[in-house]
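*Asks:* Quick one: structure below, then a few questions.
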Amino acid sequence: MLWQQFQNNMAAFQQFDPNVYDFFKDYEPKRFVVDIVDGFPNILDIEENEYLYNYPAYLIARGQVDSYKDEPKSAGAAFEMNDDNEAGFIHSDTLNQILKVLVNRVEKNGDQVRKLSKLVNSLMVFGVGCGYHIELLSIEHDIKNLYVIEPELDVFYASLFITNWAQVLEKVERCDLKIHFSLGAEQESFFEEVRRQSDLYGHYNIAKTYGFIHYHAEKISALTTEFKQRYAEFIQGWGFFDDAMMATSHMLTSIKQGVPMVKKRSLNENPLSDYPVLVIGNGPSLDGLVEFIKAHQDKAIIVSCGTALSALYQYGIIPDIHCEQERTYPIAKQIEYYCPPEVLDNLILWGPSTLHPDVYAKFPLKVMGLKGAEPTAPLIMESSVSELFEVQPFINPTVANTASSMALAFGFNNIYLLGVDLGHKKGGSHHSAKSMYYTQDGDDLEMYDSNAVSDLELEGNFGGVFHTDSFFGGSRRTLEYLIAGYPEQNFYNLSDGALIKGAVPTPSDTVTFNAGVIENKKEQLCSIMANCSHAGEEPLFEELANDLDYDGYEAFCLALIDAIDNLERNSEAYLELLKQHFLMLIDDKVCLRNHHYQTLKGTVLHVQAMLARILFEAVDEQDALDDFALAAMYYKQFLKDSISYYKENALKPHYYDTKWLAPLEESAKPK
């Protein structure tokens, strides 16, 4: 009987997923094997001489599933309301309205939890075991995306003799469902695989995800911990409509004003390529590296990252290059508090293509890098000068990411990270004591809430534990991706902060630079910046402005609106709308311009994430349908409003004032 089940399952996998079939057709287990105990299938750990189940596996699974249905556990995307909305973003107005629908629903639910509905958007099952729970869940529910995670290959192999996988796979095919296998998964590969799946099938699927843990083991605990700690990464970096509009208007304005863009690395010649580049962040460990910087300033290229310039200036260090990353206008005002304007006049500025043109205007010599995942990237890469440039995918989220990416683009080979802490020790300072976050007397201006940055723990570069949040944790991981993409270049981490894989932990007292003093450093750097960049100015601006295609954007938004207008009023149709809009976004026959996709993508993802939660979290299904219809109305209004906003603001830089700078302004007043 077990052998017949195995043959049936393998035949099904041969048709449905040949990779699984090929891997397991001649597989030989080493630790976990199928055994029969009191007439029931079980799985024996031959190393520990222990059975996975101490009771018939089917009865355990039945009890687990019944209990889970009553109180299902889930993870959901969460966004904060932007009630102030200082910048006047229409994205924030829309999301605020939808979030209020969700908040009202949470209040109405009270302590009640919705039982697992017949229709399930996304379910992650940790642990296969004998697999009866997977059979029960898939038969009794329509699971649009079923993730099957089993770190022990032996255990999954055992399930091929027990679980009716053929029946599960038949329903998946018949009902147009999706099943994703993560077998033999390690922590890192598991999370990245789930991320890839969400990219392929829509982030709204992961924005409301149910989780079912079948059995407890060290490897499964590691996977669930990894998922919980990194879940926020699924909903980071999406951007939003107004953000995308700033990217477009800022880059086009900067091009028109003559700001050049760094060319692809392969086109650049850099006579200083092997000299060290010190990328200096504003972490608390910067204070202990000041003397090292001073001692080596004439032998290295010094790059200040954002507010680190304020600390370096206080220490009497003037960098060669300054770097900024944020696209919003207040950065142009913030820079005024770093140092006197005559200091800025002697610096080279690096920034992404999204940086506000008023920031570039403060520096006589500046170069921008083509930031990825923005509408500006396809605009450039589909233009007449595309062969000159390459997209920089790892240029954000922090200024350290930007500086490192730009240094590589210019052809520098040896990058040293100083004060790039990306976290802080418990109870310790959150930035350099000399930076703009503190008064000259050392008082904290409370512009940065260090208490909030404590939900994640990271291994230290020189040992110890550092506390961070998902934003700086994401910066660390993006740096690791960048470093991995340049195996022939060298990265060294001198910071007493978070460990960054690929950057060699290097105490400053062990560093020696053998290349000697850089002669005429300013002149050489200016020459490199000029030779390694291209300024398109008016002709390129006109070409890109013509490619904005206002009519095409309007037609696409109207197609999305039409899909909302033709909705049937039921859960299946509402979930199908999310899928339909996702497919329309990525279909180049519907969304004719890639930069239109990048413009709308961020807000659509935010809205879809909240719509998924609204659909599945109301205790009463009718409430869910009513709330979804209301939220969809706000979504539809956003799409309408975005049409006129796109036409009116695609070439207009965005300006607004912020209260965030108030402590700086107050501290700068004469006493």
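The values are calculated or read from the model by the stated rules, or taken from the named source; none is laboratory data. None of the values given here were measured: they were computed from a predicted structure. In this analysis, Cβ positions are derived from the backbone assuming ideal geometry, glycine residues included, and neighbour counts consider all displayed protein chains.
*Asks:* Checking Gln325 against (1) closer than 21 Å to Ser475 by Cβ; (2) more than 26 Å from the chain's Cα centre (by Cα): exactly one of these is not met. Which one?
*Replies:* It fails just one condition, (2).
*Asks:* Would you please name the residue that is nearest to Lys601 (Cα to Cα), looking only at residues in the stretch 175-202 that are crowded, with 19+ Cβ neighbours inside 10 Å and either modelled with pLDDT under 80 or of a type in the set (Phe, Trp, Tyr) (or both)?
*Replies:* Selected residue: Gly202.
*Asks:* Turning to a different aspect of this structure: Quick one: count up the residues across the stretch 191-204 that are more than 9 Å from Tyr147 (Cβ to Cβ) and either touching an Asp or Glu at 6+ places or on another chain (Cβ under 7 Å) or of a type in the set (S, T, N, Q) (or both).
*Replies:* Total meeting the criteria: 2.
*Asks:* Here's something else I'd like to know. For a quick check of your reading: which helices (runs of 4 or more DSSP H) sit entirely within the stretch 118-174 and have at least 3 residues that are at pLDDT 95 or above and under 20 Å from Glu186 (Cα atoms)?
*Replies:* Passing ranges, in order: 153-159.
*Asks:* Applying the selection to the stretch 216-274, what residues are β-branched (Val, Ile, Thr), surrounded by fewer than 22 Cβ atoms within 10 Å (Cβ to Cβ) and farther than 26 Å from Gln64 by Cβ?
*Replies:* Ile235, Thr253
*Asks:* Being touching a Pro at 6+ places or on another chain (Cβ under 7 Å), of a type outside the set (Ser, Thr, Tyr) and either more than 17 Å from Ala373 (Cβ to Cβ) or modelled with pLDDT under 95 (or both) is the filter here; which residues of the stretch 238-279 pass it? Full working, then the answer.
*Replies:* Kept after step one, since they are touching a Pro at 6+ places or on another chain (Cβ under 7 Å), are these residues of the stretch 238-279: 244, 247-250, 253-254, 257.
Subsequent filtering for residues that are of a type outside the set (Ser, Thr, Tyr) retains 244, 247, 250, 257.
Passing the criteria: only Gln257.
*Asks:* Just checking, does the stretch 592-601 include any residue being among the hydrophobic types (A, V, I, L, M, F, W, C), within 28 Å of the chain's Cα centre (by Cα), outside any strand (DSSP E or B) and surrounded by 14 or more Cβ atoms within 10 Å (Cβ to Cβ)?
*Replies:* Going residue by residue through the stretch 592-601, those that are among the hydrophobic types (A, V, I, L, M, F, W, C) are 592, 600.
After this cut, where a residue has to be within 28 Å of the chain's Cα centre (by Cα) as well, the list is 592, 600.
Imposing the further condition that a residue be outside any strand (DSSP E or B) reduces the set to 592, 600.
Okay, now just the ones that are also surrounded by 14 or more Cβ atoms within 10 Å (Cβ to Cβ), so 592, 600.
Yes, that holds for at least one residue.
*Asks:* Sticking with this one: Name the one entry in Gly502, Gly516 that is loosely packed, with under 15 Cβ neighbours inside 10 Å and either assigned by TED's automatic domain parsing to the domain that holds Glu192 or out of contact with any Cys (no Cβ under 7 Å at 6 or more places or on another chain) (or both).
*Replies:* When all the criteria are applied, what remains is Gly516.
*Asks:* Also, I was wondering about something else. Any chance you could count how many residues in the stretch 285-316 are surrounded by fewer than 23 Cβ atoms within 10 Å (Cβ to Cβ), in contact (Cβ under 8 Å) with a residue 12 or more places away in the chain and assigned to a helix (DSSP H, G or I)?
*Replies:* 13
*Asks:* Another question about this same structure. Could you list, in sequence order, the residues of the stretch 199-237 that are in contact with a strand residue (DSSP E or B) (Cβ under 9 Å, 6 or more places away or on another chain), polar (S, T, N, Q) and within 26 Å of Ile395 (Cβ to Cβ)?
*Replies:* Gln229
*Asks:* Please verify whether Val65 is of a type in the set (Val, Ile, Thr), assigned by TED's automatic domain parsing to the domain that holds Thr224, touching a residue at least 12 places away in the same chain (Cβ under 8 Å) and out of contact with any Phe, Trp or Tyr (no Cβ under 7 Å at 6 or more places or on another chain), treating the condition exactly as stated.
*Replies:* Yes; evaluated as a whole, the condition is true for this residue.
*Asks:* Would you tally the residues in the stretch 217-276 being within 30 Å of Ile302 (Cβ to Cβ) and of a type in the set (A, V, I, L, M, F, W, C)?
*Replies:* The number of residues fulfilling the criteria is 9.
*Asks:* Being part of a strand (DSSP E or B) and either without any contact (Cβ under 8 Å) to a residue 40 or more places away in the chain or hydrophobic (A, V, I, L, M, F, W, C) (or both) is the filter here, so list the residues in the stretch 328-381 that pass it.
*Replies:* Within the stretch 328-381, Ile348, Leu349, Trp350, Leu365, Val367, Met368 meet the criteria.
*Asks:* Just to be sure before I move on: is Gly473 modelled with pLDDT under 95, touching a strand residue (DSSP E or B) at 6+ places or on another chain (Cβ under 8 Å) and crowded, with 16+ Cβ neighbours inside 10 Å in the structure I sent? So that I can check it myself, show each step before the final result.
*Replies:* Numbers: modelled with pLDDT under 95: yes; touching a strand residue (DSSP E or B) at 6+ places or on another chain (Cβ under 8 Å): yes; crowded, with 16+ Cβ neighbours inside 10 Å: yes.
So Gly473 fits the description; yes.
*Asks:* Does the stretch 152-176 hold any residues that are in contact (Cβ under 8 Å) with a residue 40 or more places away in the chain and closer than 20 Å to Asn121 by Cα, and which are they?
*Replies:* Leu169, Glu170, Val172, Glu173
*Asks:* Can you say whether Leu575 is in contact with a strand residue (DSSP E or B) (Cβ under 7 Å, 6 or more places away or on another chain) and either modelled with pLDDT of 95 or more or crowded, with 19+ Cβ neighbours inside 10 Å (or both), as far as the supplied structure shows?
*Replies:* Criteria met by Leu575.
*Asks:* Glu572 versus (1) over 30 Å from Ile380 (Cα atoms); (2) among the acidic types (Asp, Glu); (3) in the same structural domain as Ala295 (by TED's automatic domain parsing): which is the lone unmet condition?
*Replies:* With (1) over 30 Å from Ile380 (Cα atoms); (2) among the acidic types (Asp, Glu); (3) in the same structural domain as Ala295 (by TED's automatic domain parsing) applied to Glu572, the lone miss is (3).
*Asks:* Something else: Considering only residues that are surrounded by fewer than 15 Cβ atoms within 10 Å (Cβ to Cβ) and not in a loop (DSSP other than H, G, I, E, B), which ones fall in the stretch 478-499?
*Replies:* Tyr481, Ala484
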